[in-house]
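Encoded as structure tokens, the structure appears first; notes follow it.
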Amino acid sequence: MLPRLLITGKSGFVGNTMVGMLAEARDPGFAAIPEESPDLRDCSAWDAFIAAVKPDAVIHLAAQTFVPESFSAPRRTFEINFFGTLHLLEALQRQKFAGRMLFVGTGDVYGTVAAERLPITEETLPRPRNPYAVSKLAAESLCFQWSQTGDIDIVMARPFNHIGRGQNPNFVIPSMARQIAEIAAGKRPPVVDVGDIDVTRDFTDVQDVVRAYFTLIEAGRRGEVYNVCSGRETTIRDALVTLGKTAQVEFEIRQDATKLRVAEQRRIVASNEKIMRATGWTPVIPFAYSLKEVFDEWTDRASSNV
């Protein structure tokens, strides 16, 4: 019988991909618990849920992840990301959970890093610059403390930007892909609204990210944190140009003030050496392939009016 894996947030972008990959794998290693987890803010519901599903392992994905929303609703962001993690830990402890938990944080905790200090490693001092990153760093610190002084074996991940089918169009790559697909379908004027496209980001395909999480829950070291990233730096402008070439359409680029972020980080590129050494994981899906996957998804939606 396969170990029972609880995936919090399994209906989200990464969680849905993870469930699909487990279902399609020849030798999955885990069986995803099918029940939907309760609201992270409902402490009492978590005790009953953990008692009912009896997980052997946990991957904690559920979170409020949209940075602009963290500025407009910081209290809600903390209630979900920090206190929600605490509720999960307390429920696991009370139900005498004896497996391993992977806490999924964010590479956003590092904040702005000087160019001469790139790429970002796990030794880089975190200096979070938005409420989302602060809430995730606080939750990560809580997990570290519990891994050292409690009974739960916890490993922490700091993923950087990831892309693929099913991502919310509030995020930059699907936002641009959606607009360009609609232009190609004749459903919007040839104008793409963007934020600051001259920043750089470290993108990894969501399927590679999921594989990283599986390797960490198997081979990561208790109490350790691992960057999950491609190690490649890409400008948003280059991604936009590639999407335009894929669609074979021309368009005007228009900066939308509502898409500009407070405390924007100009350059982001990280090192994945630690996770590679610890687990053997390495990203294998090219960025160009990931972009085309996202564009194809939005092309299908544009043609079917979804």
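Rule-based calculations on the coordinates, nothing more; no lab input. Because the structure is predicted, anything quoted here is derived from the model rather than measured. In this analysis, Cβ positions are derived from the backbone assuming ideal geometry, glycine residues included, and neighbour counts consider all displayed protein chains.
Under 17 Å Cα-Cα from LYS10, which aspartates and glutamates qualify once same-chain neighbours fewer than 8 residues away are excluded?
Counting by Cα, and skipping residues close in sequence, LYS10 has these aspartates and glutamates nearby: GLU24, GLU35, GLU36, ASP39, ASP56, ASP208.
Work out, step by step, the length gained on full extension between ARG188 and GLU69: first 0.36 nm times the residue separation, then minus their alpha carbon distance; give nm to one decimal.
Here the answer is 40.2 nm.
Given Cα pairs under 8 Å that are at least 6 residues apart, what percent is the relative contact order of the range 227-306?
50 percent
Determine, for LYS245, LYS187, LYS136, LYS10, the number of other Cβ atoms within 10 Å of each Cβ, and report the residues in order from fewest to most.
LYS245, LYS187, LYS10, LYS136
Show that you can apply the helix-only estimate: for the chain, add -39,500 (n - 2.57) for every DSSP H stretch of four or more residues, divide by all residues, and state [θ] at 222 nm to the nearest 500.
Rounded to the nearest 500, the figure is -13000 deg cm²/dmol.
Work out how much length ALA219 to ALA114 would gain on full extension: take 0.36 nm times their residue separation and subtract the Cα-Cα distance, in nm to one decimal.
Here the answer is 34.6 nm.
Using a Förster distance of 25 angstrom, determine the FRET efficiency expected from the C-beta separation of ASN305 and SER11, and round it to 0.05.
Working from the Cβ atoms, E equals 0.60.
Starting from the Cα of GLN255, step 7 Å toward the Cβ, then list every residue of the range 193-225 with an amide N under 16 Å from that point.
Residues passing the 16 Å test: 193-200.
Under the definition of Cα pairs under 8 Å and six or more residues apart, what whole-number percent is the relative contact order of the chain?
19 percent
Going down the list LYS187/LYS245; LYS136/LYS274; LYS136/LYS245; LYS136/LYS292, which pairs span over 26 Å between their C-alpha atoms?
Among LYS187/LYS245; LYS136/LYS274; LYS136/LYS245; LYS136/LYS292, the Cα-Cα distance tops 26 Å for LYS136/LYS245; LYS136/LYS292.
For SER70, SER135, SER11, what ranking results if the residue with the fewest other Cβ atoms within 10 Å of its Cβ goes first?
So the ranking, lowest neighbour count to highest, is SER11, SER70, SER135.
Using a/c under 1.5 as the rounded threshold, could you call the range 29-146 rounded, prolate or oblate? The axes a ≥ b ≥ c are square roots of the C-alpha gyration tensor eigenvalues, and prolate needs a/b larger than b/c, oblate otherwise.
Prolate, because a/c is 1.5 or more and a/b exceeds b/c.
Checking a compactness column here: for the chain, what do you get for Rg(Cα) / (2.2 N^0.38 Å), N being the number of residues?
1.00
What's the exposure ranking of ILE180, ILE59, going from fewest to most Cβ atoms within 10 Å?
Final ranking by Cβ density, sparse to dense: ILE180, ILE59.
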